[in-house]
1. Go through region 238-286 and report how many residues are in a loop (DSSP other than H, G, I, E, B), within 19 Å of SER213 (Cα to Cα) and open to solvent by less than 60 Å² (accessible area, probe 1.4 Å).
2. Can you name every residue in region 44-102 that is acidic (Asp, Glu) and free of Cβ contacts under 8 Å to residues at least 24 places away in the same chain?
3. Output the residue which, of all residues in region 226-237 that are buried (at least 21 other Cβ atoms within 10 Å of the Cβ) and touching a helix residue (DSSP H, G or I) at 6+ places or on another chain (Cβ under 8 Å), is farthest from ILE56 (Cα to Cα).
4. For region 123-165, give me the residue count where each residue is open to solvent by less than 10 Å² (accessible area, probe 1.4 Å), more than 12 Å from the chain's Cα centre (by Cα) and without any contact (Cβ under 8 Å) to a residue 40 or more places away in the chain.
5. Does region 103-112 hold any residues that are modelled with pLDDT of 95 or more and either over 17 Å from PHE90 (Cβ atoms) or crowded, with 19+ Cβ neighbours inside 10 Å (or both), and which are they?
6. For region 183-199, what are the residues that are under 24 Å from PHE38 (Cα atoms) and open to solvent by less than 80 Å² (accessible area, probe 1.4 Å)?
7. Are any of the residues in region 239-252 closer than 30 Å to SER194 by Cβ and either touching a Ser or Thr at 6+ places or on another chain (Cβ under 7 Å) or at pLDDT 75 or above (or both)?
8. Show me the strands (runs of 3 or more DSSP E) found entirely inside region 179-228 where at least 1 residues are within 30 Å of ASN256 (Cα to Cα), in contact with a Pro (Cβ under 9 Å, 6 or more places away or on another chain) and not aliphatic (A, V, I, L, M).
Amino acid sequence: MEIALIPSSAKVLNSINYTKNTLIILGQDFFSTKTNYFFSNKEIKNLLSKTKNIAILINRYFFESELKKLEKYLLFLKDIGIKKILFTDFAVVEICHQKKIKFELIFFHETLVTNYGQFDFYKKNNISTVFLSPELNLKEINEIQEKKKNMKLMIQCAGYSFMFESKWKIISNYNKEYKKNIPINKKLFLKEESRSFPNYIFESKFGTYIYSSYNISLLKKIKELKNIDYLLIDSFMHDDTWTKYTFHIFHEAIKNCNSKTKLNNLFNEYKKINNKELNSEGFLGNVSDLPYLKNNDQK
């Protein structure tokens, strides 16, 4: 088990004690979305001189007119020594096949992988790792861990949980229709009348995204996730302070996963750091305890 980190900035990487067992996931403009910071080519090459355990985040969908640019980008990543790619669009797989580009491919569709039934298909397409949907409960994840064979698994252990995506510029269109001036490219709130808490809504140049109003926090489930290969800390919409302390807490939790006392101490420390945030184990905990649910939400 190792930590996979989507950092909140380049600066924060200078303040955390990441090791060769930490997968650093970097986004770049045009090819990445839902990330706080776009790394330049120079910053990536500089980081490669310090660690080879780097993956590039290619988590958007591409139009046919953009595929040549994507192909050129993948060849560039190969040339500079990138070994791992997190991808969402299967155009990445097809281009790698056609051009015989060998990456360790990580399928990063955040809501799609809910069972082990398609693992053979993924392996035939040279996909080594899949990201498991946050809507799975612990029983379902344990079943996948038992049946995974040689497929690697990634699960989000900290950060806001992704829920919905649209290519429509929902906030911009609302502004235009109703002559409003709601800012985009920042964390906004979207609230249903029947819910206790709002969700977060964010618009980029590629579309609109909705996230949960709570932070996933799986500290107390570390031991039960021992067969998960990567625990993902997603810093999207979080700052450097949150990223730094969250990384520290989970790094210590992995080292002490067999000590209930130490995990409880780390959990209490983490609660103090995140005292202004709603924290939840999501569907890995008791669903009735999800912080956004009212008593009548399950009826």
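1. First pass over region 238-286, keeping only residues in a loop (DSSP other than H, G, I, E, B): 238-239, 256-259, 274-278, 281, 285-286.
Still in the running and within 19 Å of SER213 (Cα to Cα): 238-239, 274-278, 281, 285-286.
Narrowing further to those that are open to solvent by less than 60 Å² (accessible area, probe 1.4 Å): 238, 274, 277-278, 281, 285.
Residues flagged as in a loop (DSSP other than H, G, I, E, B), within 19 Å of SER213 (Cα to Cα) and open to solvent by less than 60 Å² (accessible area, probe 1.4 Å) within region 238-286 amount to 6.
2. At the first step, the residues of region 44-102 found to be acidic (Asp, Glu) are 64, 66, 71, 79, 89, 94.
Hits for region 44-102 are GLU64, GLU66, ASP79, GLU94.
3. For region 226-237, the residue satisfying everything is ILE228.
4. Residues in region 123-165 being open to solvent by less than 10 Å² (accessible area, probe 1.4 Å), more than 12 Å from the chain's Cα centre (by Cα) and without any contact (Cβ under 8 Å) to a residue 40 or more places away in the chain: 3 in total.
5. Hits for region 103-112 are PHE103, LEU105, ILE106, PHE107, PHE108.
6. Listed by number, the residues that qualify are PRO183, ILE184, LYS187, LEU188.
7. Of all residues in region 239-252, those closer than 30 Å to SER194 by Cβ come to 242.
Now narrow it down to the ones that are either touching a Ser or Thr at 6+ places or on another chain (Cβ under 7 Å) or at pLDDT 75 or above (or both): 242.
Among the residues of region 239-252, at least one is closer than 30 Å to SER194 by Cβ and either touching a Ser or Thr at 6+ places or on another chain (Cβ under 7 Å) or at pLDDT 75 or above (or both), which makes the answer yes.
8. 207-217
The values are calculated or read from the model by the stated rules, or taken from the named source; none is laboratory data. Remember, predicted model here, so these are calculated numbers, not experimental data. With ideal geometry, Cβ positions are generated from the backbone for all residues, glycine too; neighbour counts draw on all protein chains shown. In case anyone asks, the SASA skips ligands and DNA or RNA and just uses the protein heavy atoms, side chains included. Shrake-Rupley method; radii C 1.70, N 1.55, O 1.52, S 1.80 Å.
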